[in-house]
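The values are calculated or read from the model by the stated rules, or taken from the named source; none is laboratory data. What you see is a predicted model; the values in this text were computed from it and never measured. Here the Cβ positions follow ideal geometry from the backbone for every residue, glycine too, while neighbour counts run over all protein chains shown.
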Amino acid sequence: MNFKDSSFKSSIPGNTNSSNHNTNSSNAYTNNPNQNNHNIQKPHYNSTTNDGDCIFCKIINHQISVRSVFEDDYIIAILDINPANKGHVLVIPKKHYTVIPQIDNDIVKHIFVVCKKISKAVIGGLKADGTNIYTACGGSAGQTSQHALIHIIPRFKDDDLGNFSLKQTEISDKELESVREMLI
Amino acid sequence: MRLCEFCEKINKKRNVLYEDKDIYAMLGSRPSTKGHIIVIPKEHYTIFEHVPDDIVAKTFLIANSFMKLVLKKLGATGVNLLVRNGIAAGQSVPHFAVHVIPRYKDDQFNLKWNFKHFTEDKMIKYQSAIKYYLIPKKNIEKVRDDREVKANYLYSQLQRSP
């Protein structure tokens, strides 16, 4: 995949010229030339977070140990420590985005192609009967993290996650048409 | 032959929001919330795993732009993106679809779950089951040298299978 987006370059491993590095953040030791850091192993990737408090950026910088199932230059996939079902996976972009719609188009494409692979691995490896790919954007949608992420939830026959069946409401054609006009 | 519900909708062009040669986006006729959008590949793929990578990329890219659109145009305060892949996951139409569900304050709609707890041993088992399924078979020889993997029960099972 070709990642041409210039905004993404700042987060490519080895590039420490990014302007929004915070010296107090998790990236401090890559920024401070006065300290003798030669013995510290540089993390293979530095996430660019604005506040340094994001737990998922710490995971990406290998400051918190997690059970990862997949990693490449742009994303990491880990097992959720608060799973909805066994083998619940979180797919996390390495660059810090607060919500999914902020993510650069090339990364969006890459993330969901990887989601497909992981979904396949979950079904094959755990003998799941299906998967839910789920994201929440915004507090009212149920987002609790400050880092955009995608849930891959393995589903088994007769598990207790009936919510994903989605409630349905009846709506008149006239109402539908008015919503459609608002969107196009 | 009877068409699936979504293929039929593509033919009838009902409630269409977006259309190109690969992708079709429409308003759900039985929406969960106001402005519930369904993005589907035009080709009939039953499950996620059948969809080719380029169509996956395109479908989610368009779903992503609809996520932005509902926040901007419908006054939604949040948005969910959901794929129901397989009957056990709640899939009701045998045609791969991405749901974009705008969320509003007090919309009486709940997608939350209760956390389950698994022992460390089980978590390790789940991790390796997924991790080693993702490794291409041709690379599995390389993995054999990995000490962590050598000690792994699941990997030895994997080696045993032809």
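Listed by first and then second residue, the pairs with beta-carbon distance under 7 Å, at least 6 apart or on different chains, first residue in the stretch B:33-50 and at pLDDT below 95, second among the basic types (K, R) and surrounded by fewer than 21 Cβ atoms within 10 Å (Cβ to Cβ), are B:E49/A:K120.
When the stretch B:42-62 is limited to residues that are within 14 Å of B:Y18 (Cα to Cα) and touching a helix residue (DSSP H, G or I) at 6+ places or on another chain (Cβ under 9 Å), the one that is farthest from the other protein chains (Cβ to nearest Cβ) turns out to be B:K42.
Is it true that A:N82 is surrounded by fewer than 21 Cβ atoms within 10 Å (Cβ to Cβ), modelled with pLDDT of 50 or more, in a loop (DSSP other than H, G, I, E, B) and touching a Phe, Trp or Tyr at 6+ places or on another chain (Cβ under 9 Å)? Yes. Pairing each residue of the stretch A:95-110 that is more than 17 Å from A:A77 (Cα to Cα) with any residue that is assigned to a loop (DSSP other than H, G, I, E, B) and aromatic (F, W, Y), provided the two are 6+ apart or on different chains, yields C-beta distances under 9 Å for A:D104/A:F3; A:D104/A:Y97; A:D106/A:F3; A:D106/A:Y74.
Yes/no per residue for (1) within 21 Å of B:R84 (Cα to Cα); (2) assigned to a strand (DSSP E or B); (3) more than 8 Å from every other protein chain (Cβ to nearest Cβ):
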position: A:S65; (1), (2), (3): no, no, yes
position: A:A77; (1), (2), (3): yes, yes, yes
position: A:K95; (1), (2), (3): no, no, yes
position: A:V122; (1), (2), (3): yes, no, no
position: A:N132; (1), (2), (3): yes, yes, no
position: A:S145; (1), (2), (3): no, no, yes
position: A:I152; (1), (2), (3): yes, yes, yes
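Considering the stretch A:154-167, and only residues there that are within 7 Å of chain B (Cβ to nearest Cβ) and closer than 25 Å to B:I37 by Cα, the residue that is modelled with the lowest pLDDT turns out to be A:N163.
In a strand (DSSP E or B), under 21 Å from B:E120 (Cα atoms) and more than 10 Å from every other protein chain (Cβ to nearest Cβ), is that true of A:V69?
Values: in a strand (DSSP E or B): yes; under 21 Å from B:E120 (Cα atoms): yes; more than 10 Å from every other protein chain (Cβ to nearest Cβ): no.
So A:V69 fails the test.
State yes or no: is B:V56 closer than 18 Å to A:I184 by Cα and under 13 Å from the mean Cα position of the chain (by Cα)? When the stated conditions are applied, B:V56 does not pass them.
Under the condition of being of a type in the set (D, E) and out of contact with any strand residue (DSSP E or B) (no Cβ under 8 Å at 6 or more places or on another chain), which residue from the stretch A:83-131 is nearest to B:Y45 (Cα to Cα)?
Checked the stretch A:83-131; the qualifying residue nearest to B:Y45 (Cα to Cα) is A:D106.
Residues that are surrounded by fewer than 23 Cβ atoms within 10 Å (Cβ to Cβ) and assigned to a helix (DSSP H, G or I) within the stretch B:70-106 comprise B:L71, B:K72, B:K73, B:I87, B:A88, listed in sequence order.
Within the stretch A:116-136, does at least one residue satisfy the condition of being within 21 Å of B:K105 (Cβ to Cβ) and out of contact with any Gly (no Cβ under 6 Å at 6 or more places or on another chain)? Spell out how you get there, then give the answer.
So the first thing to find is which residues in the stretch A:116-136 are within 21 Å of B:K105 (Cβ to Cβ), and the list is A:134-136.
From what is left, the residues that are out of contact with any Gly (no Cβ under 6 Å at 6 or more places or on another chain) are A:134-135.
Yes: the stretch A:116-136 contains one or more residues that are within 21 Å of B:K105 (Cβ to Cβ) and out of contact with any Gly (no Cβ under 6 Å at 6 or more places or on another chain).
A search for C-beta distances below 6 Å between a residue of the stretch A:134-152 that is at positive phi and any residue that is part of a loop (DSSP other than H, G, I, E, B), counting only pairs 6+ apart in sequence or on different chains, returns A:G138/B:T77; A:G142/B:L111; A:G142/B:K112. Yes or no: A:I171 more than 7 Å from every other protein chain (Cβ to nearest Cβ) and among the β-branched types (V, I, T)? Criteria not met by A:I171.
Which residue is farthest from A:H62 (Cα to Cα), if the candidates are limited to the stretch A:97-115 and must be touching a Pro at 6+ places or on another chain (Cβ under 8 Å) and at the interface with chain B (Cβ under 9 Å from one of its Cβ atoms)? Checking each candidate, the answer is A:I103. Considering only the stretch B:2-30, state which residues are of a type outside the set (D, E), touching a residue at least 24 places away in the same chain (Cβ under 8 Å) and outside any strand (DSSP E or B). The answer is B:C4, B:F6, B:C7, B:I10, B:G28.
Keeping to the stretch A:164-179, report how many residues are in a helix (DSSP H, G or I) and surrounded by fewer than 16 Cβ atoms within 10 Å (Cβ to Cβ).
So in the stretch A:164-179, the residues in a helix (DSSP H, G or I) come out as A:164-165, A:173-179.
When the remaining residues are screened for being surrounded by fewer than 16 Cβ atoms within 10 Å (Cβ to Cβ), the result is A:165, A:173-175, A:177-178.
Counting residues in the stretch A:164-179 that are in a helix (DSSP H, G or I) and surrounded by fewer than 16 Cβ atoms within 10 Å (Cβ to Cβ) gives 6.
Specify the residue that is modelled with the highest pLDDT; the eligible residues are those in the stretch B:63-74 that are more than 7 Å from chain A (Cβ to nearest Cβ) and more than 20 Å from B:L111 (Cα to Cα). Applying the filter and picking the extreme gives B:S65.
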